[in-house]
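What follows draws every value from the coordinates through simple rules; no lab data is involved. None of the values given here were measured: they were computed from a predicted structure. Cβ coordinates were reconstructed from backbone atoms using ideal geometry, including for glycine residues, and neighbour counts include every protein chain displayed.
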Amino acid sequence: MADLMGFGKHCKVCNQVDYLPFQCSSCNGVFCAEHRTQEQHACPAAAGAQGGVVVCPLCAKAIHVKPLQSADAAFELHSSSTECDPSNYQRVHQKQRCPVDQGGVRCKEKLTEINTYRCKNCGTRVCLKHRMPDDHQCQQRQATARSAAADHAKQHSMIGKFHNMLQPKPAVPTASASKAMPGSSTSTPRAIKARGAQQPVDPSNTVKGTAARRMQAPPSSVSTPEMCPQCSARFSTVEQLIVHVDAYHTNQLQQGPGQAGTLVTGLNGRGVRVDEVFRCPHGCRYTANDAAQLVAHVERYHPAPTRQTQPNDAGSCAIS
């Protein structure tokens, strides 16, 4: 029996034992089911402590009453602020009417949750009497909506173009500036090599093409000695120049312009390096593969007495 008396709590008002007691959130008192509300047990902490919501009679908006604040103080604070708009009262309490106008007579049916129909084509809210497309001018309303949307899009596009005109345009780098840039893709060795490979080779701009043009040209009154473009050797006729090029410079022309350290076919038929070619020091542009050939050339075409008496003899140097 003593164990059963340990269960439950006594109500603060009637002192009755309740096995499922209630605790007030304001005064934290324990009460039974009959005195659980604040009004039933006259809660002393409930006065002004309970917040709530009141409706403004001017704008029909809800005013939240904070705890320990009276409703009159909350209304005075709301009415003196910019949130209170008296024009909102008419929009809230005035019900929408059907917008259909037939023959100058407008429908006066008030739209409620029961008698309101929204058209799926034009989106207009009408009463059930004018729900058919022909009754509320559905096609005309759609055309008006499309025209308004087109005007809005056109106006938005014009505003965007005007905004773009006011924006500063970025500076466009010129071709010379882009070539001068070190990080440009056109200045890399691979790009330079690719441009050289893409350029077509004019066959008339070769040694044989030049010789062929001169053979077809009419002979001039003044005979001009022919000069080899590779070694600057001079010949009296074009035929001798062609024979000289075929004999000494065919392999070199096929290989293209040599670079330092590459092998080319020399005049004696053996492979030599381009940086090992010996040139004549007297300005006749004669080249030899070894020093012995260069010495023989100087002794034959540029002897010491000849250079003193005939300074222009170097111009008649030829390869035998």
- Message: Restricting everything to alpha-carbon atoms, can you work out Rg to Rh for segment 7-47 with a Kirkwood hydrodynamic radius?
- Response: 0.95
- Query: Which translational diffusion coefficient, to the nearest whole µm²/s, is obtained for segment 62-125 from the Stokes-Einstein equation, given a Kirkwood hydrodynamic radius over C-alpha pairs, 20 °C and 1.002 mPa s?
  - Reply: 138
- When Ile114, Ile63 are arranged by how many other beta-carbons sit within 10 Å of their Cβ, fewest first, they go Ile114, Ile63
- Query: So for Glu226, Glu109, fewest C-beta neighbours within 10 Å to most, what's the order?
  - Reply: Glu109, Glu226
- Considering the convex hull of the alpha carbon atoms of segment 52-162, report its projected area averaged over all viewing directions, in nm², one decimal. 12.0
- Message: Starting from the Kirkwood Rh over alpha-carbon pairs, what translational D in µm² s⁻¹ does segment 48-94 have by Stokes-Einstein at 37 °C and 0.692 mPa s?
- Response: 299
